Amino acid sequence: MAKPIEALLDERRRYRPPEEFVARANVRDPDVYRQADEDFEGFWSRFAGELDWFRKWDRVLEWNPPDARWFIGGKLNASVNCVDRHLATPRKNKAAIIWEGEPGDTRVLTYQELSREVNRFANVLRSLGVKKGDRVTIYLPMIPELPISMLACARIGAPHSVVFGGFSPTALASRIEDSGSRILITCDGYYRRGELIPQKARADEAAQKSGGIEKVIVVRRAGNDVPMQPGRDLWWHELMEGARGVAAPEEMDAEDMLFMMYTSGTTGKPKGVVHTTGGYLVGVYATTKWVFDLHEEDTYWCSADIGWITGHSYIVYGPLSNGATTVMYEGSPDWPDKDRLWQMVERYRVNIFYTAPTAIRQFMQWGEQYPARHDLSSLRLLGSVGEPINPEAWVWYHRVIGGGRCPIVDTWWQTETGMIMITPLPGITETKPGSATRPFPGVRAAVLDENGQPVPPGGGGYLALLRPWPAMLRTIWGDHDRYVAQYWSRWNRETYYPGDGAKWDEDGYFWVLGRVDDVMNVAGHRLSTMEIESALVEHPAVAEAAVIGALHPIKGQVPVAFVILKSGHAGSPALEQELKQKVAEVISPIARPDRVVFTPDLPKTRSGKIMRRLLRDIAEGKELGDVTTLRNPEVAEELRMAFTSHA
Ligand code: ATP
Ligand code: MG
């Protein structure tokens with residue numbers, strides 16, 4: 001009988017980078033790993049040297065665990081690096097942002113045009129008295145004014161706090177309060193699935209709840225009627241009318257705060273993660289260039305929302321600091337039809353596409369006919385981020401979207417890390433479906449046990465980062481003690497604790513299993529929910545599965561599975577038996593779910609991650625915890641009913 005912990009490591013499929021890809025890849029020499037490891041400060045400072053600085057740094061790193069400072073003495077501005085830097089080059093009239101709205105309207109901003117908008121809005125903010133260090137909350141959907149606002153804030157040294165446009169007024173209010181912002185940027189309304197979302201009304205509710213907001217700047221997006229509160233509310237386009245297109249950039253210290261961003265809240269109350277200017281920019285610049293193998297002529301598309309860290313780092317700061325063309329869209333993947341994304345890939349001849357496992361599983365469920373409608377031959381590289389990707393989903397993505405020719409980069413990182421930390425380098429790394437492979441050069445990761453000892457290859461434990469990296473968070477906004485306690489206290493002050501469980505194999509590849517809370521202990525065996533889920537989705541009837549460990553008086557914990565079936569299949573006691581049997585065969589009889597609950601939906605955060613702690617509460621008959629970050633709170637109640645009726 002295979003030990004349960006080893007099931008994923010039994011994955012034997014291997015994918016070498018195709019020769020045509022390698023021939024043109026930016027990074028081909030595997031020796032980069034050794035070089036970066038031997039002199040990691042030198043490695044990062046070479047990337048820093050490719051950016052524009054007002055003043056060069058004196059020292060690369062000062063490390064007083066757990067406090068790091070990077071590029072000490074260096075002065076720079078992030079907007080200068082994302083915009084101005086390209087204006088004296090042939091990129092001046094290159095598309096910086098290609099934007100498509102849900103009704104089909106489009107906007108293309110060249111670097112020159114982006115520069116003008118950013119400078120004008122920087123002047124607007126200054127005219128409203130916004131100064132270096134003031135936090136500005138941005139509550140916008142995916143429209144060009146979102147990155148323009150962020151870069152304008154960066155230009156004048158005012159840290160931005162972008163709150164995902166789909167969050168509720170309550171969630172927005174608590175983030176406004178926590179950040180102490182006086183300025184809120186929002187819009188009248190926007191489109192999602194053919195509906196007009198009244199954003200301004202929700203912003204008003206939040207501003208009322210939180211107090212402290214003195215000015216609300218309103219972008220006209222949808223043209224819906226909105227009440228404007230005199231003295232407080234101002235139209236973006238009116239403010240911009242008279243604004244000059246030149247605004248001197250603030251000379252920021254490398255360690256000055258660039259922005260704050262709240263975590264997704266998958267495990268609990270969101271934390272205001274603080275990122276600084278120099279280190280963050282160097283980290284996202286370097287990883288965008290190497291992980292996505294960016295070439296000058298590429299059209300790059302990360303389909304995330306800028307309201308998450310993925311969008312900050314890999315729609316805005318990473319691609320723009322590299323002078324890339326970055327695509328952004330308003331709407332959702334299934335509107336007007338389930339081929340929206342593939343239509344856009346074809347229309348813009350997208351070369352690099354980066355999305356999340358939750359989206360990929362959704363595409364699988366919808367079926368191959370949607371991508372098949374479009375010519376996806378422009379794609380040459382695919383990426384994944386946000387959750388562990390089940391090997392079946394990986395292989396589907398590779399075959400159906402990538403046409404079997406595109407390498408996949410499964411990138412592990414967090415809001416806190418700011419940049420991609422564990423990932424293939426697409427011109428070098430042989431990939432294994434389900435593994436994020438190896439730490440990015442210069443990054444040191446390990447799998448440790450309870451006592452901080454490395455587990456031998458083949459084993460599982462806690463993921464850990466053993467060395468500071470430039471884009472690391474510097475603190476939790478207003479709560480440095482929590483920073484120390486949450487991330488740097490599991491073993492010692494020098495070892496970062498991400499809170500994820502992982503394994504590593506004989507080749508030194510990492511297999512991230514998800515959050516530590518999602519690893520269960522059944523009769524003394526460590527089982528990962530993700531592995532059981534991967535076994536379940538191998539069954540032809542299963543579209544998506546979420547497994548949790550529920551408390552059991554004898555066994556400690558038992559696996560309970562919540563399963564969404566593909567259309568055309570119905571739940572039945574026979575199918576339940578079949579699925580239990582499948583898990584027993586693929587993993588081990590120990591992993592056999594105690595119960596399989598069929599459900600039309602799963603509780604997910606607004607970033608699309610399954611909230612397993614709620615499922616655990618349901619299975620254990622407990623009060624449900626905080627549900628404010630849920631996209632579909634009604635599902636929790638429905639599931640609770642399904643669960644009890646099934647018992
Ligand atoms: P919170 O910390 O508030 O509970 P969150 O952890 O979901 O929310 P994020 O920072 O958006 O907030 O997500 C980071 C987490 O996402 C990682 O810790 C990991 O659990 C998961 N993750 C991201 N990328 C991957 C990946 N490629 N493979 C496996 N897990 C991943
Ligand atoms: Mg987290």
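The values are calculated or read from the model by the stated rules, or taken from the named source; none is laboratory data. The structure displayed is predicted, hence computed values, not measured ones. FYI the Cβ positions are ideal-geometry reconstructions off the backbone, even for glycines, and counts take in every protein chain you see. What goes into the accessible areas is simple: the full protein's heavy atoms, side chains included, and nothing from ligands, DNA or RNA. Shrake-Rupley method; radii C 1.70, N 1.55, O 1.52, S 1.80 Å.
Quick notes on this structure:
- The range 264-396 shape via C-alpha gyration tensor axes, a/c threshold 1.5: oblate
- Rounded percent of accessible protein surface that carbon and sulfur make up, the range 572-647, 1.4 Å probe: 53
- Across the alpha-carbon set of the range 216-259, the Rg to Rh ratio works out to 1.14, Rh being the Kirkwood radius.
- Cα gyration tensor shape of the range 387-436, rounded if a/c is under 1.5, else prolate or oblate by comparing a/b with b/c: prolate
- Arg347 - accessible surface, heavy atoms, 1.4 Å probe, Å² rounded to 10: 120
- Too-long pairs where the Cα-Cα distance tops 18 Å, listed order kept, from Lys503/Lys604; Lys131/Lys215; Lys289/Lys503; Lys75/Lys289; Lys200/Lys609; Lys338/Lys566: Lys503/Lys604; Lys289/Lys503; Lys75/Lys289; Lys200/Lys609
- Distant alpha-carbon pairs in the range 164-321 (separation over 24 angstrom), percent: 48
- In the context of the full set of protein chains, the range 382-513 has a per residue accessible area of 28 Å² (1.4 Å probe).
- Gyration tensor verdict on the range 110-164 (Cα atoms; rounded if a/c is under 1.5, prolate if a/b is larger than b/c, oblate otherwise): oblate
- With both residues required to sit in the chain, DSSP beta bridges show an antiparallel share near 60%.
- Nonpolar atom fraction for the range 65-222, defined as the carbon and sulfur part of the 1.4 Å probe accessible area, stands at 47 percent.
- Here the label points at Arg12 and Glu195, each 7 Å from Cα along the C-beta direction, are separated by 4.9 nm in the simple model.
- Put a dot 7 Å past the Cα of Glu50, heading toward its Cβ, do the same for Ala570, and the two dots end up 5.8 nm apart.
- With a simple spin-label model that places each label point 7 Å from the Cα along the Cα-to-Cβ direction, the separation between Arg107 and His237 comes to 1.1 nm.
- The dipole here belongs to the range 264-353: it is taken about the Cα centre, uses +1 on the Cβ of Lys and Arg and -1 on the Cβ of Asp and Glu, and is about 400 debye.
- Mean ellipticity per residue at 222 nm, deg cm²/dmol - from DSSP H runs of n ≥ 4 across the chain, formula -39500 (n - 2.57): -8000 deg cm²/dmol
- Candidate residues His525, His86: accessible-area rank, largest first, probe 1.4 Å: His525, His86
- Lys75 accessible area, assembled protein chains, probe 1.4 Å, Å²: 60
- Candidate residues Tyr262, Tyr15: accessible-area rank, largest first, probe 1.4 Å: Tyr15, Tyr262
- The range 43-202 - accessible surface per residue (Å², probe 1.4 Å): 33
- Out-of-range pairs (alpha-carbon distance over 32 Å; input Lys132/Lys269; Lys56/Lys94; Lys271/Lys555): Lys271/Lys555
- log₁₀ of I(q)/I(0) at q = 0.17, 0.18, 0.22, 0.24 Å⁻¹ - the range 70-135, Debye sum with one point per alpha carbon: -0.79, -0.85, -0.99, -1.03
- Approximate shape of the range 182-221 as ellipsoid semi-axes (Cα gyration tensor, √5λ), whole Å, largest first: 21, 11, 5
- Heavy atoms of the protein chains alone define the surface here; on that basis the range 302-351 has 22 Å² accessible area per residue at 1.4 Å probe size.
- Arg399, Arg126, Arg361, reordered so the largest accessible area comes first (probe 1.4 Å): Arg399, Arg126, Arg361
- Aspartates and glutamates whose Cα lies under 12 Å from that of Lys432, excluding same-chain neighbours fewer than 8 positions away: Asp10, Glu11, Glu392, Asp410, Asp505, Asp507
- The chain - Rg and Dmax from Cα coordinates, angstrom: 23.9, 74
- In the assembled protein chains, Lys94 presents an accessible area of approximately 40 Å² (probe radius 1.4 Å).
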